[in-house]
1. Between Gln81 and residues 5 or more places away or on another chain, which pairs have amide H atoms under 5 Å apart, with H built 1.01 Å from N, and which residues are they?
2. Hey, which aspartates and glutamates would be in cross-link range of Lys88, C-alpha to C-alpha under 12 Å, not counting anything within fewer than 8 residues on its own chain?
3. May I ask you to evaluate 6.51 cos²θ - 1.76 cosθ + 1.60, the Karplus curve with θ = phi - 60°, for each residue of region 91-108 and list the ³J(HN,Hα) values in order in whole Hz, giving x for glycine and proline?
4. I'd like the Kirkwood hydrodynamic radius of region 23-87, using the inverse of the mean 1/r over distinct C-alpha pairs, in Å.
5. Along the charge dipole of the chain, which of Pro49, Pro16, Phe30 sits closest to the positive end, that is, farthest toward it, with unit charges on the beta carbon of Lys, Arg, Asp and Glu (+1, +1, -1, -1)?
Amino acid sequence: MALQHLEPCQPIDIGPLGEQLDNAQSSALFKSEQLEVMRVVLKAGKSMPSHHVDGEVTVQCLEGRLDVMVTAGARTLLPGQLLYLPAKEEHALHALEDSSALVTVVLV
């Protein structure tokens, strides 16, 4: 079954999942011609492998603690913190504890 994406002008709650984090999975929230937004969920100790995308990226930690590995080294994100990645920046995510993040990608 295809993922259901948000319709334009439709609000969505991106707050912390709290107790629902245990059963949550990563999901795409919407994708347009120029922008993709995802909620990434990683359990403690799990990682998203190193990769890059052609466009700019932001990673906003919603809950938990995440290490974002970039060329300059690891950057730890706490809830409420946001990290900007320039286009084509090689990066990986590693959850130090059960975590969720809002990831925005500019599509080129």
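1. Cys61
2. Hits, sequence-local ones excluded: Asp54, Glu56.
3. 8, 9, 10, 9, 7, 7, 8, 3, 9, 9, 9, 9, 10, 10, 10, 7, 8, 10
4. Details: mean 1/r = 0.0767 Å⁻¹.
When all Cα pairs of region 23-87 are included, the Kirkwood radius is 13.0 Å.
5. Pro49
Readers should treat all values here as calculations from the given coordinates under stated rules, not as data from a laboratory. Please read these numbers as outputs of a predicted model, since none were measured by experiment. Cβ atoms come from the backbone with ideal geometry, glycine included; neighbour counts cover every protein chain shown.
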